[in-house]
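Colleague: Have a look at this one.
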Amino acid sequence: MVTIDLFSGAGGLTEGFLSEGYKFVAHIEKEYWACETLKTRIMYYYLKEKNDIDMYNQYLLLVDDFNDILRARKVVFEKYPELEKILNTTVLNKKFGDTKKDKDASDIKEIFKLIDSSMNYMGVNKIDLIIGGPPCQAYSIIGRSRMKEKVNSDERNYLFYYYRDIVKKYKPNMFIFENVPGIFTAKKGKIFDEISEEFDKIGYNLKVGNNSKRDENIQEAINYGVYQTRKRVILFGVKKKLDYDYPDFIKYAMNFDEKMCTQNAISDLNSLNPGEGYDRKLVKYKKNPKSNYEKYLREDSIGIVNHKARKINKQDSEIYKIAIQKSSHNKQLYYNDLPDNLKTHKNKENFSDRFKVHGNDEIPHTIVAHISKDGHYNIHPDIKQCRSLTVREAARIQSFPDNFVFEGPRTAQYIQVGNAVPPLLSKAIAKALKEYIN
């Protein structure tokens, strides 16, 4: 099925479709390092199809720092020169937006031209499916709370118009529009009504699920084998003349037949003290997998990447220890619980649950992009390590396989993980849509 991927990020939504054999002619993403991550992942699937995973592993071993990736890719391109063209043609580092207001935005006609060029190069003349999710900060409840009155004028509220324009131009049979539950309540529901109306005008029904009430159609990541509490909305667009039912995604959910908890997600990863590890260098596993989930995510992987722990100051270290001790007794640390000498914020209400541990025996809480700013809300449960989660640990909780590499500096890596759709959720979506292809 020929697919276009919009607002791609690092490719969490894309991953499930790539793993199920979908053919992509374009990934459009505004962040440079997310695009580089997409290129690396496309390279993995290309080499896998060529039965040459050894070449992919060689690429991983050649990179000690994210600045090495272009040099390392040349080794791959020497053997597969066509791959360089595929990556540069299909991964488009472009930003949707109003070119009159944003100098970094690209005109929609330019993006059409690039997609057309890619379709021509890939030898296809029809798009079957479009997937993607416009940035959700302006829709999310937390985002609206932080932005206050600015949310009403935020341009991200209206990025769905560019999604609509791509659908109108290429006329796929179906599309998947992924977002946060807050899309139903943004501007008291007016945003969602507007989205539905715009797609209706161009000949598509937008289906939210099988329940008549909107907010009862929220997908829970844990129901798809993802070891994390994460709520998403999966909107299904279909041409009116086809009138397909809303897909049965849950039919294809993974089940590892074990307790879904933090220790079953990350306990086999190498132990690190604060500041230890490597941002990009591959290191060998030192522990055996203990859970089915860990075994699954280690398949076709020769080691661990993106596994470097943040440094931590003395005060935060003391706070983390208290938080971890409480977590071991199934208790949450609240700011007012701290000794006075460890309290530095006057606004105690907003900082009430600033420090949070992913408890060993608990389902990990939602990983969000804020993890790029600090690790206080994502503390590792092992008091001996006393630190926050690494990128790889966060990626495990998101259900990314270990051979999925996040390119760029660590801050960019964290953002990519936090903004991503869990791959196990996207895999179920991709499998369900195959029913309509067949």
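The values are calculated or read from the model by the stated rules, or taken from the named source; none is laboratory data. Source: prediction; values computed, not measured. Neighbour counts run over all protein chains shown; Cβ positions are idealised from the backbone, glycine included.
Colleague: Given the criteria in a helix (DSSP H, G or I), modelled with pLDDT of 95 or more, within 13 Å of the chain's Cα centre (by Cα) and within 16 Å of ASN88 (Cβ to Cβ), does LEU38 qualify? Even if it seems obvious, please write down each step before you answer.
Modeller: Working: in a helix (DSSP H, G or I): yes; modelled with pLDDT of 95 or more: yes; within 13 Å of the chain's Cα centre (by Cα): yes; within 16 Å of ASN88 (Cβ to Cβ): yes.
Considered against the rule, which asks whether it is in a helix (DSSP H, G or I), modelled with pLDDT of 95 or more, within 13 Å of the chain's Cα centre (by Cα) and within 16 Å of ASN88 (Cβ to Cβ), LEU38 comes out as yes.
Colleague: Confirm whether TYR285 is outside any loop (DSSP other than H, G, I, E, B), surrounded by 13 or more Cβ atoms within 10 Å (Cβ to Cβ) and modelled with pLDDT of 95 or more.
Modeller: Working: outside any loop (DSSP other than H, G, I, E, B): no; surrounded by 13 or more Cβ atoms within 10 Å (Cβ to Cβ): yes; modelled with pLDDT of 95 or more: yes.
It is false that TYR285 is outside any loop (DSSP other than H, G, I, E, B), surrounded by 13 or more Cβ atoms within 10 Å (Cβ to Cβ) and modelled with pLDDT of 95 or more.
Colleague: Also: Looking at (1) surrounded by fewer than 24 Cβ atoms within 10 Å (Cβ to Cβ); (2) in contact (Cβ under 8 Å) with a residue 40 or more places away in the chain, which is the one condition that is false for THR411?
Modeller: (2)
Colleague: Could you list, ordered by first residue, the pairs with Cβ atoms under 9 Å in which the first is in the range 86-97 and basic (Lys, Arg) and the second is assigned to a helix (DSSP H, G or I), at least 6 apart or interchain?
Modeller: Final answer for the pair search is LYS94/GLU110; LYS94/ILE111; LYS94/LEU114.
Colleague: For the range 219-229, does any single residue satisfy the condition of being of a type in the set (D, E, K, R), under 17 Å from LEU425 (Cβ atoms) and in contact (Cβ under 8 Å) with a residue 60 or more places away in the chain? Before you say what the answer is, go through the steps one by one.
Modeller: Initial filter on the range 219-229 (of a type in the set (D, E, K, R)): 220.
Subset that is under 17 Å from LEU425 (Cβ atoms): 220.
Cutting the leftovers down to in contact (Cβ under 8 Å) with a residue 60 or more places away in the chain gives us none.
Checked the range 219-229: no residue is of a type in the set (D, E, K, R), under 17 Å from LEU425 (Cβ atoms) and in contact (Cβ under 8 Å) with a residue 60 or more places away in the chain.
Colleague: Looking at ILE28, ILE53, which one is at pLDDT 95 or above and surrounded by fewer than 21 Cβ atoms within 10 Å (Cβ to Cβ)? Steps first, answer last, please.
Modeller: Working: ILE28 fails: surrounded by fewer than 21 Cβ atoms within 10 Å (Cβ to Cβ).
That would be ILE53, the only listed residue that is at pLDDT 95 or above and surrounded by fewer than 21 Cβ atoms within 10 Å (Cβ to Cβ).
One line per residue, one yes/no per condition, for (1) assigned to a helix (DSSP H, G or I); (2) of a type in the set (A, V, I, L, M, F, W, C):
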site	(1), (2)
GLU294	yes, no
ILE302	no, yes
LYS311	no, no
ILE324	yes, yes
SER327	yes, no
ASP361	no, no
THR366	no, no
ASP374	no, no
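Colleague: Now for a separate question. Those residues that are over 15 Å from TYR227 (Cα atoms) and among the basic types (Lys, Arg), I need them from the range 385-401; list them, please.
Modeller: Across the range 385-401, the qualifying residue is only ARG387.
Colleague: Quick check on my filter: what residues within the range 188-243 are part of a loop (DSSP other than H, G, I, E, B), among the aliphatic types (A, V, I, L, M) and farther than 29 Å from VAL368 by Cα? Quick ask: steps written out before the conclusion?
Modeller: As a first pass, look at the range 188-243 and keep what is part of a loop (DSSP other than H, G, I, E, B): 202-203, 208-213, 217-218, 225-230, 240-243.
Narrowing the set further to residues that are among the aliphatic types (A, V, I, L, M) leaves 202, 208, 218, 226, 242.
Residues satisfying the conditions are ILE202, LEU242.
Colleague: When you go through (1) in a loop (DSSP other than H, G, I, E, B); (2) out of contact with any strand residue (DSSP E or B) (no Cβ under 6 Å at 6 or more places or on another chain); (3) modelled with pLDDT of 95 or more; (4) surrounded by fewer than 23 Cβ atoms within 10 Å (Cβ to Cβ) one by one for SER352, which number turns out not to apply?
Modeller: Tallying (1) in a loop (DSSP other than H, G, I, E, B); (2) out of contact with any strand residue (DSSP E or B) (no Cβ under 6 Å at 6 or more places or on another chain); (3) modelled with pLDDT of 95 or more; (4) surrounded by fewer than 23 Cβ atoms within 10 Å (Cβ to Cβ), SER352 fails exactly one: (3).
Colleague: Which numbered condition in (1) surrounded by 24 or more Cβ atoms within 10 Å (Cβ to Cβ); (2) farther than 28 Å from ASN67 by Cβ is the only one that ALA34 fails?
Modeller: That leaves (2) as the condition not met.
Colleague: Right, here's the next one. Of (1) at pLDDT 90 or above; (2) of a type in the set (Phe, Trp, Tyr); (3) surrounded by 20 or more Cβ atoms within 10 Å (Cβ to Cβ); (4) not in a strand (DSSP E or B), TYR139 satisfies all except one. Which?
Modeller: Condition (1) is where TYR139 drops out.
Colleague: Follow-up question, since we're still on this one. Could you check how many residues of the range 196-216 are in contact (Cβ under 8 Å) with a residue 24 or more places away in the chain and out of contact with any strand residue (DSSP E or B) (no Cβ under 7 Å at 6 or more places or on another chain)?
Modeller: The first filter runs over the range 196-216 and keeps only residues in contact (Cβ under 8 Å) with a residue 24 or more places away in the chain, leaving 198-199, 202-210, 214-215.
Restricting the remaining residues to those that are out of contact with any strand residue (DSSP E or B) (no Cβ under 7 Å at 6 or more places or on another chain) gives 198, 202, 209-210, 214-215.
Result for the range 196-216: 6.
Colleague: Let me ask you something else. Show the residue pairs meeting these rules: Cβ distance below 7 Å; 6+ apart or different chains; first residue within the range 50-71 and farther than 13 Å from TYR278 by Cα and free of Cβ contacts under 8 Å to residues at least 60 places away in the same chain; second residue surrounded by 15 or more Cβ atoms within 10 Å (Cβ to Cβ) and of a type outside the set (A, V, I, L, M).
Modeller: Taking only residues 6 or more apart or on different chains, the pairs are TYR59/ARG73.
Colleague: If you don't mind, another one. What number goes with the only condition from (1) surrounded by 19 or more Cβ atoms within 10 Å (Cβ to Cβ); (2) of a type outside the set (Phe, Trp, Tyr); (3) out of contact with any Ser or Thr (no Cβ under 6 Å at 6 or more places or on another chain); (4) farther than 25 Å from LYS284 by Cβ that VAL357 does not pass?
Modeller: Condition not satisfied by VAL357: (3).
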